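Single-structure report; data block below.
Every read-out reported here was derived from the displayed coordinates using simple, explicitly stated rules and does not represent laboratory data. What you see is a predicted model, and the numbers here were worked out from it, not measured in a lab. Glycine gets a Cβ as well: all are built from the backbone with ideal geometry, and neighbour counts include every protein chain shown.
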Amino acid sequence: MTRSREEIELDLPFLVNGTLDAEARAEIEALVADDARLAAERDALATIRREMQAEEVNAPGEFGLARLMRDVDRQSVRDADYRAGSETDGRRGVIAQLRSRTTLWQAVAAVAVLGIVAQSYFMRPPTSFEVNVAPAGYVLAGGEARGALVVGFAADATEAAIRDVLLDAELEIVAGPSALGLYRLDVLEGADVENAAGILRSAEGIVESVENARN
Amino acid sequence: MSENHHFLVQQVGQGDKQALAALYRAYERPVYKFIVSRLNDPHEAADILHEVFMDIWRVAASFEGRSQVRTWIFGIAYRKVIDAHRKRARVTVTDEVPETGDVAEAADAGFAAKQEAEHLRFCMGTLSDDHRSAVSLAFYEDMTCAEIAQIAGVPEGTIKSRLHHAKKLLLHCLSGRIQGRVVA
């Protein structure tokens, strides 16, 4: 397939960083050879790249690694305490499925994320989710710890915009973000999941993806 | 190298702290540089770097090896910074390509000869996060368009478009600063 001149020009940064395949490279090199403007842009981008790569940064280094190891140890201790505690506390049997390290992290992350929407959170009556909070974790009324919807928000969506959509759809964040940046959401008591999903899908520019978690 | 890093991630998934330390040493500097280029705050960047590796520790067991380890780690960092921006409710600085200013003129303005690192830092700071991320991954890390697209979770065409606009904005800004003009 033949590419237009405009399409080929878009490869200029990748000519500069040397990541084009032979065919694409030949195409843009032919353009640059006949166009002084493009040649000047290539030279300027090459200089920018050199400057950026030459820039020194003071990364945390061994101090950062020590901090990481300390917190990993702390988390391991917390996980072990949690497992030990759950074996002796009959009430915690209902949340046994939260024992794995990953799932425990999701529970911790969910609590942290709830802080993001704290303003809306404190301005409404308690939900079944809150009523069913257990001492060492939480479960939903049905015993399921995960939300009904898996949602990705637009990179440039503001916290305020996200909060407005969640309030409109009667949703709350119960977990996330995952390593892929996705959040798990549940509807508030009495709200309809499909209706909420529809509101999310219509929130262009704020919500990028909506999936039913139970599909 | 790539296979070795895959092995390290598998080991981390099994709770091997030494493997995590090895992964940290391999990726700390480039990931930190990427984060700090988007935040301009070394302290917050160090915190986010820490969070990135804590996430790696927590979710390594779920890494399926369908992407490169580098792309996977930068993807985590990419989203962490987006979350940081959200928490700050940071406003996008610049998204519009100015109508005034000639890119060819900017490219000829002497930037190539002047090694204006300070100007470059300033002008990078005027870009939106999307633009800055694309430039950072393309020029700090020399990533392919496909890798950058995977990290940002957008089509390759979007990355090319972001880089095209970022290039115009950067050259316009640099031209204005080098020639002593005021650039909006």
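On the basis of the beta-carbon distance and an R0 of 25 Å, B:ASP41 and B:THR158 show a calculated FRET efficiency of 0.40. Each Lys or Arg adds one and each Asp or Glu takes one away; over the other residues whose Cβ falls under 12 Å from the Cβ of B:ILE76, this sums to +1.
Highest average first, the peptides B:156-168, B:124-136 ordered by how many other beta carbon atoms sit within 10 Å of their residues are B:124-136, B:156-168.
Residue by residue along B:70-81, Cβ atoms of other protein chains within 10 Å of the local Cβ number 2 on average. What the Cβ-Cβ distance of A:GLU189 and B:GLN18 gives, at R0 = 41 Å and to the nearest 0.05, is a FRET efficiency of 0.30.
B:ALA61 to B:ARG29: FRET efficiency via 1/(1 + (r/R0)^6), r the Cβ-Cβ distance, R0 25 Å, to the nearest 0.05? With R0 = 25 Å, the Cβ-Cβ based efficiency is 0.45. Between A:GLU55 and A:GLU204, full extension at 0.36 nm per residue minus the direct alpha carbon distance yields a gain of 49.8 nm. For the peptides B:6-13, B:69-76, the ranking by mean Cβ contacts within 10 Å, running from highest to lowest, is B:69-76, B:6-13. Pairs from the list B:LYS33/B:LYS168; B:LYS17/B:LYS160; B:LYS87/B:LYS168 with a Cα-Cα gap above 27 Å: B:LYS17/B:LYS160; B:LYS87/B:LYS168. Model label points for B:HIS6 and A:ARG3, set 7 angstrom from Cα along the Cα-to-Cβ axis, are 2.8 nm apart.
Tell me whether segment A:5-54 comes out rounded, prolate or oblate; compute the Cα gyration tensor, take square roots of the eigenvalues as a ≥ b ≥ c, and use a/c under 1.5 as the rounded threshold. Note, shape of segment A:5-54 comes out oblate. Peptides A:40-51, A:154-165, ordered by how many other C-beta atoms sit within 10 Å of their residues on average, highest first, read A:40-51, A:154-165. Along segment A:197-209 the Karplus relation, 6.51 cos²θ - 1.76 cosθ + 1.60 evaluated at θ = phi - 60°, assigns HN-Hα couplings of 4, x, 5, 4, 5, 8, 8, 5, x, 10, 10, 9, 8 Hz to successive residues, with x for each Gly and Pro.
Residue by residue along A:183-196, Cβ atoms of other protein chains within 10 Å of the local Cβ number 0 on average.
Using the Cα gyration tensor of segment B:2-88, with a ≥ b ≥ c the square roots of its eigenvalues, what is the shape: rounded (a/c below 1.5), prolate (a/b larger than b/c) or oblate (neither)?
prolate
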